[in-house]
Each structure stands twice: as C-alpha cells, then as structure tokens.
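The values are calculated or read from the model by the stated rules, or taken from the named source; none is laboratory data. The structure presented is a predicted model; accordingly, all values stated were derived computationally and were not measured. Quick reminder, even Gly has a Cβ in these numbers, built from the backbone with ideal geometry, and neighbours come from all protein chains shown.
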Amino acid sequence: MAESQALYSYDATNLGALRAAVSDPRFGTYMRQAGFDAQYAFALYLFNARMAKAFLFPLHMAEIVLRNAIDEVLCVMFGPYWHLNPSFRNVLMPGGVKALQRAIDRVFADKGPNQPRGQIVATLTFDFWSNLFRPEYDRPIWQTNLHAMLPNLSHTKSRHDVQNQVKGINRFRNRVAHYEPILGTNFTDVHGSIIDLIASRSQLAANWTKHHSTFTAALRTRPGKSGAIGSTLREVSDARPRMAAGSDSLAAVLAGYRPDVAPLVRLDATGVHDGALSAEAILAFIVQQALKSGGIIDLNDHSIDDVFAEDGKVWAVAKASSPASELPKLLKGRVRALVVCEDTSPSTVVGVIAKAHRRY
C-alpha cells in the first residue's frame, strides 16, 4: 500500500480523475498543506497512508496488551465471568453497560451462546477500555489496582495520567482506523507514547514492538515539494564540515573544534577527502596517549594521521542524491561516519553524517 517506487504519471486527466475519486472536500486537506500543488498533495496523501499503515502494529500491540491487563484485573475483582457479573455492571456507567451488552449480543449472535470470555474481550472496542480510566472508576477499580496492573508505571503517575495517555492513543487510533488525515500529528511523540504504554505493562513486549515497528522507516519517506519520496543524504547531512589535513597537529585542529559539531573530514596530501573522524575518536586517542606517558601529552606532537592510524577505517562515502532511507545500510557495522559527496564529483564533499545523527 502506497509503497511503489515507480513514478506515476500525474497528467491533467489522471489528476482530475483521482481528485474526483477521493473527493474535493477530503483532498482539500492535502491541497492546503501542499500549497495547492496537486501532485505534491497526492505525494502527501500517500505519505499519510504509509504512516497510518506503519502505526497499525504498534497500535495493535497497545490495545492487546492493555485489554489483557484490564481483563486480568477484572477477573480478580469480579471473577472469570466478570462480563456477566451484576456487581461489575453496577460499577459501570450507563454507556459502559450498553457497550458491554452490545459486544455480548454480537458475539452470541455470531457464534452462539455461552462463548468464552476471551471472545467478549476481543469484541469490546478500544473506546470501552479507554473509558474505564475515567474518574468514575478511580475508587472502585484503580486506587488499589493501577500499579499492580502496570508494574512499570512510574509511581509519580496516577490514574488521570494513564487516562490522558490512553485517550490520546485511542483518539489517534480512531483517526487511523477511519482513514482520516494524520499529517498534523507529532508522529514521534505518539509512537513514543504507544511504546511507553506497552512498557508500563511489559518492557519486553515494548522492546519487541519497537524492534519490529516500521514507524521510523515510514517517517523517512515524507515527500519533498518535488514529490520525491523521502529526503536525500544532502538534505539530512551536516553541511560544510570541518576539514583538516592529515598532517595537521591535534593542537591546531582542536583550537577551533567543538565536540558537538559534525565529524571532521581528513584531506590527503592532494587535498582530496580521505575519511572522517569524530570528536570522540580524537578524545579517545588523547586519553590513550596520555595514559602511556603518565598523564601528560603535547598535542603538537600528534597529528590527525596518528588518530586515523589508531582508529582504523570506520567511515564510508556516499552520493548526495542517495535517499536518506539507505542510512541504516550505509552506517552498518564499524562505520561511524558517512562522507557525503557530489554525484558528479566524488572529491567534492557537501556534508557529513555521524552514526549518532538524530535527524534521519
């Protein structure tokens, strides 16, 4: 879904037919965000679809983990048939009673009477589970059960905090489920909240969900105004990195070099780039040399080449027009930095990217 890398022809006929199929009111949201560029708007439409798809698995896990956790609490409080227990129904607000009965009726109608509780649990909506964190259920359910149900929840957080978190996730889930635009969402915050909710119950389940989530890969495919999918290495690199000749002394280099800047690019005797070096690698070299000499080191006695001799080849080179989505592949193994060069001139450096880079 929305993943083809082949170019699509957006001629006038196709644009008109697609807009009619989607409907102008719905497509208007994307047109406004695209500055009324129809082709760019369709690229955003596809990005919206990719992000919705990427969130399905994390949302799936959050709902499954949460409803199973609540089911466990209700079984302890009201027995294995809590869905039929009048005492539980007396706790529920009228809307909750109706939602519960609708689920029971639906299961019994589809599968016959006397179905196991698990069928009811699976049929109840996320709205039902979310609403159980409303203030009305604080005293009868959560005052003594919240942290037992969510053992990893911070003790500074209350039922109200969980309610807000679950309500926000549920609201986002409903937008995804109803194919609504989600472009204005802070995707990183929402994904983080979903993982955090799962972690409050099971850190292992949260780690597994995060490991298999395609959220980060989908986020990288946000189109530019050209309609191209994703950013290029040029767009996400640190432009104009610090250059230094291999023969330059550490004293000269460090005089104007800060640890928070991009990796330093080394130049060979002919002025052509020959690798990248992080501030951490330089610091590690200095510490190593200082330990060898009893704690004293003259930075004028050591050059960038000396650091490279110790650090080894931990860098790679890539073309500026390469998609940023390739970064995980390019920065694999021992590679800690990427030198980004012009496509037509491999010797012309336009940027550098550290493995610890946070913008890609």
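With respect to residue 287, is the statement that it is in contact with a helix residue (DSSP H, G or I) (Cβ under 8 Å, 6 or more places away or on another chain) and either modelled with pLDDT under 85 or more than 15 Å from residue 308 (Cβ to Cβ) (or both) true? No: the conditions fail for residue 287.
Residues of the stretch 283-326 that are closer than 30 Å to residue 343 by Cβ and among the hydrophobic types (A, V, I, L, M, F, W, C): 304, 307, 308, 314, 315, 316, 317, 318, 320, 324. Quick check: anything in the stretch 307-323 at pLDDT 80 or above, more than 35 Å from the chain's Cα centre (by Cα) and among the small types (Gly, Ala, Ser)? Yes, the conditions are met somewhere in the stretch 307-323. Within the stretch 289-309, does at least one residue satisfy the condition of being surrounded by 19 or more Cβ atoms within 10 Å (Cβ to Cβ), β-branched (Val, Ile, Thr) and touching a Pro at 6+ places or on another chain (Cβ under 8 Å)? Scanning the stretch 289-309 turns up no residue that is surrounded by 19 or more Cβ atoms within 10 Å (Cβ to Cβ), β-branched (Val, Ile, Thr) and touching a Pro at 6+ places or on another chain (Cβ under 8 Å). Considering each residue of the stretch 100-117 in turn, none proves to be in contact with a His (Cβ under 9 Å, 6 or more places away or on another chain), closer than 30 Å to residue 207 by Cβ, without any contact (Cβ under 8 Å) to a residue 40 or more places away in the chain and hydrophobic (A, V, I, L, M, F, W, C). The set of residues in the stretch 153-173 that are in contact (Cβ under 8 Å) with a residue 12 or more places away in the chain and assigned to a helix (DSSP H, G or I) comprises 159, 160, 162, 163, 165, 166, 167, 168, 169, 170, 172, 173.
Which residue is modelled with the lowest pLDDT, if the candidates are limited to the stretch 236-251 and must be crowded, with 16+ Cβ neighbours inside 10 Å and out of contact with any Gly (no Cβ under 7 Å at 6 or more places or on another chain)? I'd like the intermediate steps shown before the answer.
Keep residues of the stretch 236-251 that are crowded, with 16+ Cβ neighbours inside 10 Å, which gives 236-238, 241-242, 244-246, 248-250.
Next, only the ones that are out of contact with any Gly (no Cβ under 7 Å at 6 or more places or on another chain) stay: 236, 242, 244-246, 248-250.
Values: 236: 73, 242: 79, 244: 85, 245: 89, 246: 86, 248: 89, 249: 91, 250: 89.
Going through the qualifying residues, I end up with 236.
Test residue 299 against the criterion of being modelled with pLDDT of 85 or more and under 16 Å from residue 253 (Cα atoms), and give yes or no. Spelling it out, residue 299 is indeed modelled with pLDDT of 85 or more and under 16 Å from residue 253 (Cα atoms). At least 1 residues being under 20 Å from residue 139 (Cα atoms), of a type outside the set (A, V, I, L, M) and in contact (Cβ under 8 Å) with a residue 60 or more places away in the chain is the threshold, and among the helices (runs of 4 or more DSSP H) wholly inside the stretch 1-97 those reaching it are 38-78. Residues considered: 192, 112, 168. Of these, the only one that is assigned by TED's automatic domain parsing to the domain that holds residue 51 and farther than 30 Å from residue 43 by Cα is 112. Does any residue of the stretch 137-158 turn out to be more than 20 Å from residue 72 (Cα to Cα) and surrounded by 14 or more Cβ atoms within 10 Å (Cβ to Cβ)? Yes, that holds for at least one residue.
Listed residues 37, 71; which is over 30 Å from residue 119 (Cα atoms) and acidic (Asp, Glu)?
37
Just one residue in the set 131, 114 is farther than 20 Å from residue 62 by Cα and either within 36 Å of the chain's Cα centre (by Cα) or surrounded by fewer than 12 Cβ atoms within 10 Å (Cβ to Cβ) (or both); that residue is 114. Only one of the listed residues (21, 69, 38, 49) is surrounded by 14 or more Cβ atoms within 10 Å (Cβ to Cβ) and over 30 Å from residue 208 (Cβ atoms). That residue is 38. For the stretch 140-157, the set of residues classified as of a type in the set (S, T, N, Q), at pLDDT 95 or above and over 27 Å from the mean Cα position of the chain (by Cα) consists of 145 only.
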